[in-house]
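See below for the structure under consideration.
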Amino acid sequence: MPELPEVETTRRHIAPVLEGARISAVELGRDRMARRNMRPQDIPERLLGRRVGRVGRRGKFLLIEVEGDLTWVIHLGMSGRMRITSPSDPLDPHTQLVVTTDRGDQVRLIDPRTFGFVAVFTPEELEHDSLAALGPDALEELPDAATLGARLAGRRAPIKALLLDQRILAGLGNIYADEVLFRARVRPTRPGGDLTPEELADLVAAIPEVLLAGVEMGGTSLDDLAYLLPDGRAGEYLDRLMVYGRAGEPCLVCGTPIERVVVAQRSSHFCPTCQR
């Protein structure tokens, strides 16, 4: 579930803890979490004793610079979250990675479903990983309407499916794509190549508005609380959602009941009156 706002919020929390620190201990949980490296032991072997540089992000991925020209990659998957603790705190169930720094802090990755992953790549490995195929970051590298229109030209797939395609734009997931399309007044089922220049302009304007609001509110923690901030608080954007998860409820703009359809095997919510 974590999308760009949740990952960016996580980045802002863990960056002050990790940047400039040296890694003094690494404990990896299930080997499955290290599946993007050739060997699970690559993770502790490549991190241990090294100093951490900039904690960055691209789309839904945390990209952390590590001494020795290495890149530590974290993807939270569907149910992952980070936690900042001290070594004396008990481990949460499903803790998959524990990294201790020379400052005495611990950063832990908790992922019950292990759909996320952690990797430490050399430059050559990073170049050949699927990360290299990511499109521009939806917040920091958002293309203008004409450029996005060129990417969508001739595409008959629904615009919702295209927004979820990380090769076109990196960072949008199911929740925020629904919210962006509502704000842009575009139905999720519209063919992407059919959007007018005016609709593309509205779409490009809506993306940062929604994402920045999500970041400001700490992301979206749904009722299952699968996602929490690294300090244990819930993200508060749930109360700001206009359509996602509100099927059958009245549109907050016009009062028409929100409808739910399935697009690209994902639930999609929209207002049949406000969105064309």
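No lab work stands behind these numbers, since they all come straight from the coordinates. Since the model is a prediction, treat every value here as computed from it, not as a measurement. As a convention, Cβ positions derive from the backbone with ideal geometry for all residues, glycine included, and neighbour counts pool all protein chains shown.
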- So, with points 7 Å from each Cα along the Cβ direction, the Glu249-Glu209 label distance in nm works out to 2.0 nm
- Message: Defining a contact as two alpha carbons under 8 Å apart and six or more residues distant in sequence, what relative contact order in percent does the stretch 145-270 show?
- Response: 25 percent
- Rg(Cα) / (2.2 N^0.38 Å) computed for the stretch 4-133, rounded to two decimals: 0.95
- Please name which of Gly219, Gln265, Gly173 has its Cα lying farthest along the dipole of the stretch 145-270 towards the positive end, using unit charges on Cβ (Lys, Arg +1; Asp, Glu -1) and the Cα centre as origin. Gln265
- Dimensions of the stretch 145-270 along principal axes (Cα, Å, largest first)? 44, 32, 25
- Message: Please report Rg (one decimal) and Dmax (integer) in Å for the Cα set of the stretch 68-107.
- Response: 11.8, 33
- Between Phe115 and Ser88, what is the label-to-label distance in nm when each label sits 7 Å out along the Cα-to-Cβ direction? 3.7 nm
- Inter-part gap, Cα centre of the stretch 34-105 to Cα centre of the stretch 236-276, in whole angstrom, is 36 Å
- Message: Give me the percent relative contact order of the chain, please, defined on Cα pairs under 8 angstrom at least 6 residues apart.
- Response: 19 percent
- The equivalent-ellipsoid semi-axes of the stretch 78-129, taken as the square roots of five times the Cα gyration tensor eigenvalues and listed largest first in whole Å, are 24, 17, 6
- Item | Two-site FRET efficiency, Glu216 against Ser24, from Cβ-Cβ distance with R₀ of 51 Å, rounded to 0.05 | 0.90
- Item | Cut-off 13 Å between beta-carbons: net charge of the residues surrounding Pro44, Lys and Arg +1, Asp and Glu -1 | -1
- Note on the structure: Averaged over all viewing directions, the convex hull of the alpha carbons in the stretch 81-237 casts a projected area in nm² of 11.4 nm²
- Here P(r) for the chain, Cα-Cα distances in 10 Å bins, as whole percents, is 7, 29, 32, 20, 10, 2
